[in-house]
Amino acid sequence: MNLRSRTGSPQTRLRSQLIVQLVRKDLKVKYQGSTLGFLWSLANPLLLMVVYTFVFAIVFRSRVPFFGLFLLTGMLIWNFFTMGVSGAATSILANAGLVKKVPFAHESLPLASIGFAGAQVLLQYIVLIVGFIAVGMTPLRPELLLLVPATLVAVIATVGLGLFVAASTVRLRDTQHILEVGLFAWMWLTPIIYPATLVHTVLGSGLASWLYYLNPMAGVVTAFQRGLYGVVYYPGTTELLLPSDSWGFYLQTLGLGLVVASAFLVLGVWQFRRLSADFAEAL
């Protein structure tokens with residue numbers, strides 16, 4: 001199916017409606033028969049916050065205040081990225097019968113998987129916001145505006161990589177296994193469990209540290225940390241916890257991430273368009 005269509009055209013509206021319906025269907029299926037329903041989406045981040053707070057704040061006594069909140073600030077947007085990409089990777093295979101029998105915009109399937117991931121993570125942010133309010137760190141600050149470009153970069157990167165792996169998995173089934181390993185390694189190259197200042201300490205402040213932000217999710221995570229968590233310095237010191245208190249730094253890293261994410265999108269659209277005509281035969 002051709003991914004190009006004019007904004008507001010009947011094809012675009014039909015595609016959007018299909019994506020919305022697929023997301024609703026996935027949400028209903030996930031929680032069908034469950035007593036707590038959507039509340040289960042809140043249980044995972046709550047458990048993570050409690051466990052990591054105990055491990056890093058009590059056992060290892062990290063200097064990062066309210067470590068569980070710091071972790072979730074970066075972990076949730078990372079979860080959106082990994083859940084979206086992983087769901088997209090198997091979206092065509094999981095709907096093989098539909099793809100072979102019904103003509104429709106095939107890209108709706110990976111996009112619906114990404115939308116499903118976004119809906120779940122959005123619910124999980126409720127736990128994070130409540131946690132910030134409970135400890136007196138209500139995230140009401142101008143830096144919250146950084147979440148707008150950061151979310152844009154994350155969505156572009158997720159859609160681009162999601163389309164690429166969705167099409168590639170149909171042709172090469174090992175793609176989903178390679179992706180699983182790759183995403184695990186990618187997480188440790190992203191400043192989620194550790195602050196980005198540790199990377200700057202090792203790499204210095206020159207070209208190497210900027211190359212680190214060619215990982216688009218590195219800039220996204222640090223921007224979320226600056227906007228939501230907000231603590232720039234270790235308490236009682238002038239030592240940086242976050243890389244900078246300057247908006248310019250975060251906008252520059254997001255700019256680098258946007259270039260790479262856009263490349264993902266171009267590559268993903270190209271790969272999907274190249275292989276989608278043969279999906280029915282390959283399945």
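The values are calculated or read from the model by the stated rules, or taken from the named source; none is laboratory data. These figures come from a predicted structure and were not determined experimentally. Note that we place each Cβ from the backbone using ideal geometry, even for glycine, and neighbour counts take in every protein chain shown.
Being modelled with pLDDT of 95 or more and either on the phi < 0 side of the Ramachandran plot or among the acidic types (Asp, Glu) (or both) narrows it down to one of VAL85, VAL130, so name that one. After applying the criteria, what remains is VAL85. Taking region 126-172 as the range and being in a helix (DSSP H, G or I), free of Cβ contacts under 8 Å to residues at least 60 places away in the same chain and more than 30 Å from ARG273 (Cβ to Cβ) as the test, the residues that pass are ILE129, VAL130, ILE133, ALA134, PRO142. Output the number of the condition that ALA57 fails; it satisfies all remaining conditions of (1) surrounded by fewer than 16 Cβ atoms within 10 Å (Cβ to Cβ); (2) touching a Phe, Trp or Tyr at 6+ places or on another chain (Cβ under 8 Å); (3) free of Cβ contacts under 8 Å to residues at least 12 places away in the same chain. With respect to (1) surrounded by fewer than 16 Cβ atoms within 10 Å (Cβ to Cβ); (2) touching a Phe, Trp or Tyr at 6+ places or on another chain (Cβ under 8 Å); (3) free of Cβ contacts under 8 Å to residues at least 12 places away in the same chain, ALA57 is out only on (1).
To keep it simple, each residue is scored yes or no on (1) in a helix (DSSP H, G or I); (2) over 30 Å from LYS101 (Cβ atoms); (3) modelled with pLDDT of 90 or more; (4) among the hydroxyl-bearing types (Ser, Thr, Tyr).
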position	(1), (2), (3), (4)
VAL199	yes, yes, yes, no
VAL259	yes, yes, yes, no
SER262	yes, yes, yes, yes
GLN271	yes, no, yes, no
SER276	yes, no, no, yes
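Only residues that are of a type in the set (A, V, I, L, M), at pLDDT 70 or above, more than 16 Å from LEU122 (Cα to Cα) and loosely packed, with under 13 Cβ neighbours inside 10 Å: list them for region 19-54, please. Correct list: VAL29, LEU47, VAL50, VAL51.
Considering the conditions (1) crowded, with 17+ Cβ neighbours inside 10 Å; (2) assigned to a helix (DSSP H, G or I); (3) at pLDDT below 95, ALA223 is excluded by exactly one of them, (3).
Taking region 230-256 as the range and being of a type in the set (Gly, Ala, Ser) and within 20 Å of ILE193 (Cα to Cα) as the test, the residues that pass are GLY230, SER244. Please determine whether any residue of region 232-252 is out of contact with any Pro (no Cβ under 6 Å at 6 or more places or on another chain), in a helix (DSSP H, G or I), among the β-branched types (Val, Ile, Thr) and over 29 Å from PHE279 (Cβ atoms). No: zero hits. The residue that is surrounded by the most Cβ atoms within 10 Å (Cβ to Cβ), among those in region 232-256 that are hydrophobic (A, V, I, L, M, F, W, C) and under 22 Å from the mean Cα position of the chain (by Cα), is LEU254.
Restricting attention to region 52-90, the residues that are over 17 Å from ILE129 (Cβ atoms), in a helix (DSSP H, G or I), β-branched (Val, Ile, Thr) and out of contact with any Gly (no Cβ under 8 Å at 6 or more places or on another chain) total 5. Give region 99-118 a look and list any residue that's in contact (Cβ under 8 Å) with a residue 60 or more places away in the chain and within 14 Å of the chain's Cα centre (by Cα), or say none. Correct list: LEU111, SER113, GLY115, PHE116.
Filtering region 76-102 to residues that are aliphatic (A, V, I, L, M) and touching a helix residue (DSSP H, G or I) at 6+ places or on another chain (Cβ under 7 Å) leaves LEU76, ILE77, MET83, VAL85, ALA88, ALA89, ILE92, LEU93, VAL99.
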